[in-house]
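Peer 1: Got a structure for you, written out below as structure tokens; questions coming shortly.
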Amino acid sequence: MLTTGIGTYTLNLVEELAGHSDIPLHLLTLPRYRETLSKYKCDVSIVDVPIYTIKEQFQIARAAKNFAVLHVPHYNAPLLRKGTLLVTIHDLNHILDRTYRRSAKSIVYAQPMLRLAARRADHIFTVSEYSKRQIVQHLGTEPDRITVAYNGIGSHIFPEQRDAARANINRDFAFHGAYILFVGNLKPSKNLEGLLKAFAILQGRSRLPHTLLIVGDDAVGRQTMLELIRSLKLEGKVIHVPGVGHSLIRSAYSGADLTVLPSFEEGFGLPIVESMACGTPVACSQSASLPEVGGDAAEYFDPRQPESIASSIEKVLLSMDRWRELQQSGFRRAQNFTRQASARRHIEVYRRFL
């Protein structure tokens, strides 16, 4: 899962832990990630097994049987594990979000596994106080068995010169001029539908010349997104890029005029702090963990109201004073979310069980 948001969390943690000689680190991964992880100078074992399967339950438990502590950075933890098991539960979207919780995958696998993993884990990590409250409320976990470790910003995230970054993005993705940025998968909880409807409202007002750049993908959500773009007559004004590497995502943030995160549910919302760290203001939902993460450095809107989303975008982009205010407060806010601080929170728990 190293190409997902969970992968970003995992790689940031591994990068920090690899420097702690008193905590020997052994990584279990899939064959395709061997090269990615080899640079950290840790022992690596390959477990070639599909995620979310019965086979995964047995093979991960077997591969980890000789290690004192196993930390699984997602809820797909091996319940048969005999020794200490630490689990990261990033969010409860499969329980809290109506589009997730009604799906067959959620009912048959995700919801039962969340509850079983929370019960079996010796300790749980999560990424916000909001998620901790949801885990306590919906999974019945005692608060003292949960540690909040905010996501840290990766070493590849830093500001580039804005005009140069925009020129790179314009060239690489074949469009011209200013743009608004969305980063994330295309699942319903991300509320891309609300953002596209808000963008259509903005096009009708003809007050902003921006293109909407969508970076992220989802096999099911992609078709829904394309159909909505056609129905809203936004062809040519919305650019979709399924995924980019570290240097291009940094350029995408740095060259954007605004990053928008319209999610209904988020355990953390990493694009908020990544965008702030690149010097680009953020407009985001007033829902879930996002106000906790954005603090006073973001413009907030009601994610269920496209007009509210559109108005927030206009408020930032039509006022240079507001734009600069959010840029400066965003730089300061981003400094609270470091990989080092996140790793320290994890290490405290590791040492307790080691």
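Peer 1: In this structure, does VAL69 turn out to be farther than 30 Å from SER287 by Cα, more than 19 Å from the chain's Cα centre (by Cα), crowded, with 18+ Cβ neighbours inside 10 Å and not assigned by TED's automatic domain parsing to the domain that holds SER289?
Peer 2: The answer is yes for VAL69.
Peer 1: Checking ALA61 against (1) in a helix (DSSP H, G or I); (2) on the phi > 0 side of the Ramachandran plot, only one condition comes out false. Which one?
Peer 2: The single condition ALA61 does not satisfy is (2).
Peer 1: Still on this structure, I have one more. Out of the stretch 321-336, which residues are closer than 11 Å to CYS278 by Cα and touching a helix residue (DSSP H, G or I) at 6+ places or on another chain (Cβ under 6 Å)?
Peer 2: Those that are closer than 11 Å to CYS278 by Cα and touching a helix residue (DSSP H, G or I) at 6+ places or on another chain (Cβ under 6 Å): GLY330, ALA334.
Peer 1: Can you pull out the residues in the stretch 170-200 that are among the charged types (D, E, K, R) and in contact (Cβ under 8 Å) with a residue 40 or more places away in the chain?
Peer 2: Matches in the stretch 170-200: ASP172, LYS187, LYS190, LYS197.
Peer 1: Further question: I'd like to check something: does the stretch 100-113 contain any residue that is in contact with an Asp or Glu (Cβ under 8 Å, 6 or more places away or on another chain), under 30 Å from GLU193 (Cβ atoms) and assigned to a loop (DSSP other than H, G, I, E, B)?
Peer 2: No - not one qualifying residue is present in the stretch 100-113.
Peer 1: Right, here's the next one. Would you call VAL49 of a type in the set (Val, Ile, Thr) and within 26 Å of VAL148 (Cα to Cα)?
Peer 2: No: the conditions fail for VAL49.
Peer 1: Then there's this: What is the one condition in (1) closer than 13 Å to LYS237 by Cα; (2) in contact (Cβ under 8 Å) with a residue 60 or more places away in the chain; (3) of a type in the set (A, V, I, L, M) that ALA167 does not satisfy?
Peer 2: Condition (1) is where ALA167 drops out.
Peer 1: Right, another one. Condition check: surrounded by 16 or more Cβ atoms within 10 Å (Cβ to Cβ), in contact with a Gly (Cβ under 9 Å, 6 or more places away or on another chain) and over 27 Å from GLU129 (Cβ atoms). Does HIS210 satisfy that?
Peer 2: yes
Peer 1: If you don't mind, another one. In the stretch 14-41, which residues are within 15 Å of LEU70 (Cα to Cα) and either polar (S, T, N, Q) or surrounded by 14 or more Cβ atoms within 10 Å (Cβ to Cβ) (or both)?
Peer 2: Of everything in the stretch 14-41, those that are within 15 Å of LEU70 (Cα to Cα) and either polar (S, T, N, Q) or surrounded by 14 or more Cβ atoms within 10 Å (Cβ to Cβ) (or both) turn out to be VAL14, LEU17, ILE23, LEU25, LEU27, LEU28, THR29.
Peer 1: Residues that are over 20 Å from the mean Cα position of the chain (by Cα), in a loop (DSSP other than H, G, I, E, B), surrounded by fewer than 17 Cβ atoms within 10 Å (Cβ to Cβ) and without any contact (Cβ under 8 Å) to a residue 40 or more places away in the chain: does the stretch 318-336 have at least one?
Peer 2: Yes - at least one qualifying residue is present in the stretch 318-336.
Peer 1: Also, quick follow-up: Across the stretch 82-136, which residue is farthest from the chain's Cα centre (by Cα) among those that are basic (Lys, Arg) and farther than 22 Å from PHE58 by Cα?
Peer 2: ARG102
The values are calculated or read from the model by the stated rules, or taken from the named source; none is laboratory data. All values reported here derive from a predicted model rather than from experimental measurement. Note: ideal-geometry Cβ built from the backbone for every residue, glycine included; neighbour counts use all protein chains shown.
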